[in-house]
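A.B. asks: My structure is below; once you've seen it, I'll send some questions.
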Amino acid sequence: MTYALDATYSTGDNLSGVGVYSREILHGLARAHPEARFTWCYRPHRLWRAFTGRPPNASLRPLLENVQLFRTRLFHGLNQRLPARRFTRSVCTFHDLFVLTSDYSTAEFRRRFAQQAREAASRADLVICVSTFTAAQVSALLGVDSGRLRVIPHGTRFPTRAGSPRREPLILHVGAIQHRKNLSRLVAAFERCAPSPWRLALAGSDGFGAAEIHRRIAASRASDRIDVLGWVDDNALNALYVRASIFAFPSLDEGFGIPVLEAMAQGVPVLSSNRSALPEACGDAALLVDPLSEDDIAHALTRLIADSALRGRLALAGRARAEQFPWSRAVASTWNVYREMSP
């Protein structure tokens with residue numbers, strides 16, 4: 001049997017969470033099942049990136065919407081959408097539905113996303129959701145019966161490093177500079193409670209609402225201690241994780257929350273949000289705050305800055321938590337879904 005997957009978002013240097021997921025599932029399946037044949041399909045705007053790093057049991061089919069996949073019994077849409085043509089069997093992964101619930105995108109993007117999500121949810125034989133939170137939203141907002149839902153959490157990679165890193169007075173956030181990430185409140189809390197020499201580093205590309213956030217940073221009385229780094233590559237990101245003493249991620253809405261697991265895997269104590277899927281990802285290994293309360297965020301930062309023993313306990317708990325989410329588990333669970341759908 002040949003398994004076809006939408007590999008569009010696995011290409012490029014600046015991968016989003018969906019891109020990381022796509023890369024890990026595609027390569028993980030190919031490594032774990034050399035006996036199987038996989039077809040990686042691409043949309044035209046990502047096609048030029050498609051011809052590097054392909055394992056021997058994965059063939060390429062460009063132009064996802066038009067390709068003839070007559071031998072393909074199963075198609076997997078990795079980003080909550082399916083191509084126009086229909087397949088014998090199909091599965092679709094849903095990461096989040098924040099576009100449908102809040103003002104976190106343009107009206108045009110919201111309209112297009114809603115149409116694609118509803119169509120994919122109605123056509124897929126089974127729907128993979130990356131958290132129980134997302135599964136509940138898919139059921140409530142898109143009308144998918146719970147019997148068609150399978151929850152498979154995201155994963156994380158683990159660093160191979162000898163010795164203990166030398167932490168600096170650095171608070172790190174990794175994620176797009178956008179309204180949904182709640183960065184204006186994080187900046188306000190930082191300037192209230194983080195004395196010099198503590199710094200705040202924001203690593204991520206600009207997204208929806210970035211201009212407002214940049215203005216808030218420029219107006220901050222702590223602006224000289226706030227580093228807006230833009231997108232950083234894996235090496236630079238790993239170096240930030242090694243330096244950071246606190247990872248702050250008080251997001252307003254996440255379908256899962258890969259960055260908190262990455263920070264935990266790197267031994268960085270985590271402050272995160274008590275809403276959406278983040279409590280599910282963090283378990284009891286993070287300080288959870290009300291993301292709508294600047295006071296709550298500031299109080300948690302104050303505790304973490306002042307209490308090195310607390311940071312140490314959270315670092316240990318975080319590593320143990322991250323170990324529960326290897327990408328290999330997500331790959332194995334995805335393969336089980338394929339086998340469930342095999343005739």
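The values are calculated or read from the model by the stated rules, or taken from the named source; none is laboratory data. Since the structure is predicted, the reported quantities are computational estimates derived from the model, not experimental observations. Because the Cβ atoms are built from the backbone with ideal geometry, glycine has one as well, and the counts that use them run over all protein chains shown.
A.B. asks: Any chance the range 159-178 includes a residue that's at pLDDT 95 or above and part of a helix (DSSP H, G or I)?
C.D. replies: no
Per-residue answers, yes or no, for (1) under 21 Å from VAL18 (Cβ atoms); (2) surrounded by fewer than 24 Cβ atoms within 10 Å (Cβ to Cβ):
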site: LEU186; (1), (2): no, no
site: PRO197; (1), (2): no, yes
site: ARG225; (1), (2): no, yes
site: ALA239; (1), (2): no, yes
site: VAL260; (1), (2): yes, no
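A.B. asks: Just to be sure I understand, how many residues within the range 118-143 are surrounded by fewer than 21 Cβ atoms within 10 Å (Cβ to Cβ) and either under 11 Å from VAL91 (Cβ atoms) or in contact with a helix residue (DSSP H, G or I) (Cβ under 7 Å, 6 or more places away or on another chain) (or both)?
C.D. replies: Qualifying residue count for the region: 8.
A.B. asks: Taking the range 196-209, which residues are hydrophobic (A, V, I, L, M, F, W, C) and modelled with pLDDT of 95 or more?
C.D. replies: Answer for the range 196-209, where residues must be hydrophobic (A, V, I, L, M, F, W, C) and modelled with pLDDT of 95 or more: TRP198, LEU200, ALA201, LEU202, ALA203.
A.B. asks: Which one of these does ALA320 not meet: (1) assigned to a loop (DSSP other than H, G, I, E, B); (2) surrounded by fewer than 14 Cβ atoms within 10 Å (Cβ to Cβ); (3) among the hydrophobic types (A, V, I, L, M, F, W, C)?
C.D. replies: Exception for ALA320: condition (1).
A.B. asks: Okay, next question. Among the numbered criteria (1) touching a residue at least 24 places away in the same chain (Cβ under 8 Å); (2) within 30 Å of LEU316 (Cα to Cα), which one does ARG148 miss?
C.D. replies: The failed condition is (2).
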